[in-house]
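To keep things clear, I will list the structure first and then write my remarks on it.
The values are calculated or read from the model by the stated rules, or taken from the named source; none is laboratory data. Since this is a predicted model, take the numbers as computed values, not measurements. Quick reminder, even Gly has a Cβ in these numbers, built from the backbone with ideal geometry, and neighbours come from all protein chains shown. To get the accessible areas, we keep the full protein, side chains included, count just its heavy atoms, and leave off ligands, DNA and RNA. Shrake-Rupley method; radii C 1.70, N 1.55, O 1.52, S 1.80 Å.
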Amino acid sequence: MDRRDFLKMSSMTALLATGGWTGLSKVFAQSPLQLKKERSNGSNSSDSMEHRKLGELGVSAIGLGCLPMVGYYGGKYDKREMISLIRRAYEKGVTFFDTAEVYGPYTSEEWVGEALAPFRNKVKIGTKFGFGVEEKQPAALNSRPDHIRRAVEGSLRRLRTDYIDLLYQHRVDPNVPMEEVAGTVKDLMQEGKVLHWGLSEASARSIRRAHAVCPVSAMQSEYAIWWREPETKIFPTLEELGIGFVPYCPLGRAFLTGVIDENSRFKQGDRRWNLPQFTPEALKHNMPLVALVRKWAERKGITPAQFALVWMLSRKAWIAPIPGTTNPAHLDDFLGAATVRLTPYEMEEFDKEYAAIDLMGHRADPFTESQIDK
């Protein structure tokens, strides 16, 4: 199926059928005022953030990805400033924070744990196992049961908590049956160390195998306006099984915000330096998409970053993206997407314009792609 045929199927059929299959009708029926949710006991002062369900796990509609803070896109950041940023997000209504043992490694979990300690019972923390961090092989997949247990104990210690709200398998390990992984996590849940579990970059087949042993609450994958593969590969399975979706890089690694142009260049140390979407040729070729996002953002009276999230939040009621940042101003900007939504007609109209744009470049380098479950 080529890209235009895919878009015809996903926008014309799925978006127009705004009933039970899409899960959009409830969201579209709400005005910004209606989207303001009554906060649960002990919640923070912000009342403008919508809350959503990932399976049975309730989270803020927009979470915070805490990977960039450890220099994923280059640079070094002050611990105190990053802790302040995490707490700023909480004060503005974010209750969902994403990290992993391999981020740093360990640094991200340590900072998240310290930042959220004062209000631990009012937030949801997602972290991940699946790489051989404990074995000094952070680039190698490892989901053996003994490794999972060691990873969880380390995460609990660094996060300053006795339970993990959402534990993901970071990548599917082809050397360990999914049933073994799910069984180990199920045991950890029975012990009270894990409350919910999920998968990251898993195929529909792996999701079903995992869910059959221990119900999966959430699936995490890269997803953005310019990378929509999950819509055809896993969305039908997630909808059928009642599993939530947590997109990472929802702002296209800043490309969709408009701060990157065709003259931007990236050096080694910045995650984008070897990604096909960020080659000079691809950046120049893909600029029409930036212009389209900017046009629609102006139409809605919001910023491009906000539009990128609004587009995503409007597609499914069970999507909760986790944009990341190291900048308080950028945080404030994208959280402005909390109460704006597109109508079904606007979604269809945008997709028609999007389908006319030819995009260049894959999302991942060959090594990263080799570790993604197909």
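Things to note:
- Annotation: extensible slack from residue 355 through residue 369 equals 2.5 nm (criterion: 0.36 nm per residue apart, minus Cα-Cα distance).
- Folded to 0 to 90 degrees: helix 204-213 orientation relative to the chain principal axis, Cα: 40
- The portion of the accessible surface of segment 143-266 made up by carbon and sulfur, rounded to a whole percent, is 49 (1.4 Å probe; DNA, RNA and ligands excluded).
- Intensity falloff of the chain expressed as log10 I(q)/I(0), Debye formula with alpha-carbon point scatterers, at q = 0.06, 0.07, 0.10 Å⁻¹: -0.20, -0.28, -0.60
- Taking all protein chains into account, the per residue accessible area for segment 213-264 stands at 29 Å² (1.4 Å probe).
- Sequence of 318, 296 when ordered by accessible area, the most exposed leading, probe 1.4 angstrom: 318, 296
- At 1.567 mPa s and 4 °C, Stokes diffusion of segment 275-374 via Kirkwood alpha-carbon radius, µm² per second: 85
- Net length gained if the chain between residue 77 and residue 179 were fully extended (0.36 nm per residue, minus Cα distance): 32.8 nm
- Residue-normalised accessible area of segment 312-374, given per residue in Å² at a 1.4 Å probe: 37
- When Rg and the Kirkwood radius Rh are both evaluated on Cα atoms of segment 149-255, their ratio Rg/Rh stands at 0.99.
- Database remark: amide H of residue 248 closer than 5 angstrom to the amide H of 221, 222, 223 (H placed geometrically; neighbours at sequence offset of 5 or more, or on other chains; Pro and chain starts carry no H).
- Formal net charge of residues neighbouring residue 205 (Cβ-Cβ distance under 10 Å; K, R +1; D, E -1): +2
- With respect to the chain, whose longest principal axis is taken over its alpha-carbon atoms, helix 304-315 is tilted by about 80°.
- For segment 360-371, putting each phi into the Karplus relation 6.51 cos²θ - 1.76 cosθ + 1.60 with θ = phi - 60° gives couplings of 10, x, 7, 7, 10, 6, x, 5, 4, 4, 5, 9 Hz, in residue order, rounded to whole numbers and with x for Gly and Pro.
- Stretched out straight at 0.36 nm per residue, the stretch from residue 291 to residue 91 would grow longer than its current Cα-Cα span by 68.7 nm.
- Using θ = phi - 60° in the Karplus curve 6.51 cos²θ - 1.76 cosθ + 1.60, the 3J(HN,Hα) couplings for segment 217-227 round to 8, 8, 10, 10, 7, 5, 7, 6, 3, 9, 9 Hz; x is entered for Gly and Pro.
- Net charge over other residues, Cβ less than 13 angstrom from the Cβ of residue 150 (K, R count +1; D, E count -1): +1
- Qualifying GluC sites (Glu not before Pro) for segment 54-104 [loop in DSSP, other Cβ within 10 Å: at most 11]: 56
- 3J(HN,Hα) couplings calculated from phi for segment 255-265 with the Karplus curve 6.51 cos²θ - 1.76 cosθ + 1.60 (θ = phi - 60°) are, in sequence order, 4, 6, 7, x, 7, 10, 10, 5, 9, 5, 9 Hz; Gly and Pro show x.
- The helix-only estimate of mean residue ellipticity at 222 nm for the chain, built from DSSP H runs of length n ≥ 4 each weighted as -39500 (n - 2.57), is -10500 deg cm²/dmol after division by the residue total.
- Electrostatic tally near residue 108: other residues with Cβ closer than 13 Å to its Cβ, Lys and Arg +1, Asp and Glu -1, net -2.
- Taking all protein chains into account, the per residue accessible area for segment 50-129 stands at 36 Å² (1.4 Å probe).
- Scanning residues 5 or more positions from residue 168 or on other chains, those with amide H under 5 Å from its amide H are 127, 128, 129, 198, with H placed 1.01 Å from N in the peptide plane.
- Close amide H partners of residue 61, meaning residues 5 or more places away or on another chain with modelled amide H under 5 Å apart, are 50, 51, 52.
- C-alpha long axis of helix 145-158 to longest principal axis of the chain, angle in °: 80
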